[in-house]
1. Which whole-Hz couplings ³J(HN,Hα) result when phi for each residue of the range 442-459 is put into the Karplus expression 6.51 cos²θ - 1.76 cosθ + 1.60, θ = phi - 60°, listed in order with x for Gly and Pro?
2. Could I have the simple spin-label model distance between GLU620 and LYS226, label points 7 Å from Cα toward Cβ, reported in nm to one decimal?
3. May I ask you to compute the full-extension gain from ASP117 to ILE176, defined as 0.36 nm times their residue separation minus their alpha-carbon distance, rounded to one decimal in nm?
4. Could you give the length gained by full extension between GLU273 and ALA90, i.e. 0.36 nm per residue of separation minus their alpha carbon distance, to one decimal place?
5. For the pair GLN209/GLU254, report the inter-label distance in nm, with labels modelled 7 Å from Cα in the Cβ direction.
6. What is the calculated FRET efficiency for TYR357 to ASN589, with r their C-beta to C-beta distance and R₀ = 30 Å, to the nearest 0.05?
7. Under the Karplus relation 6.51 cos²θ - 1.76 cosθ + 1.60, θ = phi - 60°, what is the ordered set of whole-Hz ³J(HN,Hα) values for the range 111-127, x standing for Gly and Pro?
8. Would you mind getting me the FRET efficiency between LYS367 and ASN234? Use the beta-carbon distance for r and R0 = 51 Å, nearest 0.05.
Amino acid sequence: MLKLKSVILKSSKCLVKNYVPREIIFLIDTIIVFFAAQASFLLVNTINSKAYNIITLSYEFFLFLGIQLVCFILLKSYSGIIRYTGFKDAFRQIQTTGLTVITVLVINQISYHYNNDKIIYDGGAMIYGFIAFSLLYFFRIVVKRIYQVINANHSSIYAYVLGTDLTDVAIAESLISDTLKKFTIIGFLSDKSSLKRSKIFTLPVKTIQQLSYVESSNKAVVISEKRLKKIISNDKNLIDKLLKLNFKIYKIPEIENWNNESISTEAKQINLEDLLPRTPIKLNDEQLKKKYANRVIMVTGAAGSIGSDIIRQLIRYNPKKLLLVDQAETALHEVCLQLKFNHPELNYELIIADVTYLKRMEKIFEKYLPHVVFHGAAYKHVPAMEDNPSEAFNVNICGTRNVALLATQYKVERFVFISTDKAVNPTSIMGASKRAAELYIKSLSHKQNIETTFITTRFGNVLGSNGSVIPHFKKQIKQGGPLTVTHKDITRYFMTINEACQLVLEAGVMGNGGEIYVFDMGEQVKILDLARKLIRLSGFIPDQDIKIEFTGLRPGEKLYEELLADKENTLPTHHKKILIAKSSYQYDNSKRILLNNLFEQIEDLDEKKSIKTLKELIPEYRKERLKLSKIKASTA
């Protein structure tokens, strides 16, 4: 019974894989070359006008056939999956039949020299090579075509390939011969008007101007990743034109990065992150390995978007142990499940803890003795913190103080504080609390006899992070709209989670302590433009299918963000995307007193005194600036 079950399981697996066993292919190939050899012997005998039989079963014939079978086994020409037959398979069949012909010709010469006889005339051997290759490859093409017909994808997407370079043509050729038939290629798009009447693979070459609005969502444009990056840098309007024409846009990695047997599985529909003009980030991996390899590394806020991605990126530097600290039980559990599945060999600890609980955090430091700390635990939502200032102060300021003090006490090598652009000229409780935390971190770096190197990193909004505008917009689009934008002119800096965390890791190994590193985030992006692009990427028309409504700036919200304070300038580092903010802020004994007072007032839950002290500590913290920006915006 058990044997029967195993046979059934093997059979079902074979059906799921849906390929013919190699033994069957070898048998079919043997039958094909048998008839090819018979045809060759028949043709040779006919030309020589000798008496001949239709079927030759001589010693010479079976020697010839045996040589071919040995070549099959040596080169394993029967091992490929037939439904994926392509150029490589054709080349392999040429190798196999070619080796057979060459072997026969060599044996012929030896045999003729000693016995004055040959297996088959040299011309017959060459005729065999042509017949055998043609039949072997024809068999594979027929099977592939039958498979395509049986498994035809009737929901295939009609697509143009953007570009006419060699890479673009190679992509088109691969998609045309692809067995999954996710795409049906209907032409090429080119910006060269001279090519608009040309054809490639009998398919027309068109310009963007020749395209019309697509009513159906079943049409697309396929583009290589390299070309997409070039377009985003040099011609942003091209993608906008295609989106306005209602085409879906798919990107395909460079040919050398294709991993799967079907190119269709490599095609991914572009998202908002792809449309941001970004330059690739190059990390100093050797330097990072020296600092992070074989170290115990703590990440607070490990369940958040930034914290969890920092963890994922640290893995490749072989840390000794990762300490995942967060108070969000469910979210942290999800992160650990992913790590367990993707990196079962990773040494890590799931630690449920609140950074404001000093004794609990001290026990963690005492037990694990971390070498490096990335402090990302914070409250970050501006409107929510305006309504709950005590929580913002407690977590963002006192929580940072607790972790930083323990870092000095337990001789942590490096402490990286993750701040925000909202800390610059703050107009919100959240921004002011992060700025106060920055100042406290800076104060520790000036103390004598402290072995810990304190680093602050500051960047803007992260696309796709928890609570960011993009997931919020996607939810609104799913509900049919409207999309709510606070102001038509509101702008923000954006970078991807991956970029932000890469730069945090790089900045974490820089400097001697006390530096505030700011990231080059490119140009500010209008939120209204993001909303419109996201609507089009979702297959809808802005202001027609999905409405956009303006709700007004929220409490504490700026019209635009800044990465540097008014009197700050920057110094370059070895990394072109990381700069040092050189501040004119004078930290003296009076500021230390203000900080100590602030900590006491926060612990007493005295919001009014805390805000008053905060304004003395951070003179640039003025809500009046927000009112002024509203007035300017309304009169613009």
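1. So the Karplus estimates, Gly and Pro as x, are 5, 5, 5, 5, 8, 6, 7, 6, 9, 8, 7, 8, 9, 10, 10, 10, 9, 8 Hz.
2. Calculated label separation equals 4.3 nm.
3. Extra length available between ASP117 and ILE176 comes to 16.3 nm.
4. That pair, GLU273 and ALA90, stretches by 61.9 nm at full extension.
5. 3.3
6. FRET efficiency, TYR357 to ASN589: 0.50.
7. 5, 5, 5, 9, 10, 6, 8, 10, 5, 8, 4, 3, x, x, 4, 5, 4
8. For R0 = 51 Å, the calculated efficiency reads 0.40.
None of the figures in this text is laboratory data; all of them are computed from the coordinates on show. None of the values given here were measured: they were computed from a predicted structure. In this analysis, Cβ positions are derived from the backbone assuming ideal geometry, glycine residues included, and neighbour counts consider all displayed protein chains.
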